[in-house]
Amino acid sequence: NAGVTQTPKFRVLKTGQSMTLLCAQDMNHEYMYWYRQDPGMGLRLIHYSVGEGTTAKGEVPDGYNVSRLKKQNFLLGLESAAPSQTSVYFCASSYVTSGTGELFFGEGSRLTVL
Amino acid sequence: TQLLEQSPQFLSIQEGENLTVYCNSSSVFSSLQWYRQEPGEGPVLLVTVVTGGEVKKLKRLTFQFGDARKDSSLHITAAQPGDTGLYLCAGPTDSWGKLQFGAGTQVVVTP
């Protein structure tokens, strides 16, 4: 039972490079989320998806794009990385009903932009 | 924007001591969740509180939801090194399950 799997776990980019983070879940969850975690700022929602083929902006979406072509996968893309995007990125999924659904998180992807 | 403020930011105690961490907001939440995050891992849900005044116990951890549903607390009795971690509170911002997180309280329990 893998749960939520993120790849890669670590990545170093140069400013202006692009990359994609992959999130895969095997729990048949409808809802998936991408958060970033920075010291002293908690987890901030980047983008989320309420089902296959749908995406929506969260609190800090600028500089990121997402796609949910398959129910089990949620991709986070950085088209032109900036040092401000240095962070730990977490993917999460949930069943979600009435806003009390438990979020299941991946182990995180640490991204450094030089 | 519903803001969740956690205090203290950092707490270091000896094994066997008690501790309390707080999660406060000026807004009413329909529910609040508490997560614990260990180094190198994602947060894991500890509990969800949904009723004002509700108290839930999870072994040595006691969670309370304020009567007005604007605040919550987590009390750990006789802390152990295994309780070390970042404790995060979170509340829903809408019915789609989007959660807003507090900045967290880093708890360190030394033997």
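Quick notes on this structure:
- The criterion of at least 2 residues that are within 14 Å of another protein chain (Cβ to nearest Cβ) and under 30 Å from A:Pro8 (Cα atoms) is met by the following strands (runs of 3 or more DSSP E) wholly inside segment B:1-91: B:32-37, B:44-49.
- The condition (being without any contact (Cβ under 8 Å) to a residue 24 or more places away in the chain and among the polar types (S, T, N, Q)) is satisfied by just one residue among B:Gln64, B:Gln106: B:Gln64.
- From the list A:Gly16, A:Gly77, A:Gly51, the lone residue that is away from every other protein chain (no Cβ under 14 Å) and either in a loop (DSSP other than H, G, I, E, B) or touching a Phe, Trp or Tyr at 6+ places or on another chain (Cβ under 6 Å) (or both) is A:Gly16.
- Only listed residue being over 14 Å from the mean Cα position of the chain (by Cα) and crowded, with 17+ Cβ neighbours inside 10 Å, chosen from B:Lys70, B:Lys98: B:Lys98
- Residues in segment B:1-59 that are more than 26 Å from A:Asp38 (Cα to Cα) and hydroxyl-bearing (Ser, Thr, Tyr): B:Ser30, B:Thr51.
Yes or no, residue by residue, for (1) at pLDDT below 95; (2) within 14 Å of chain B (Cβ to nearest Cβ); (3) outside any strand (DSSP E or B):
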position: A:Thr5; (1), (2), (3): no, yes, no
position: A:Val12; (1), (2), (3): no, no, no
position: A:Arg36; (1), (2), (3): no, yes, no
position: A:Asp62; (1), (2), (3): no, no, yes
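The values are calculated or read from the model by the stated rules, or taken from the named source; none is laboratory data. Since this is a predicted model, take the numbers as computed values, not measurements. Because the Cβ atoms are built from the backbone with ideal geometry, glycine has one as well, and the counts that use them run over all protein chains shown.
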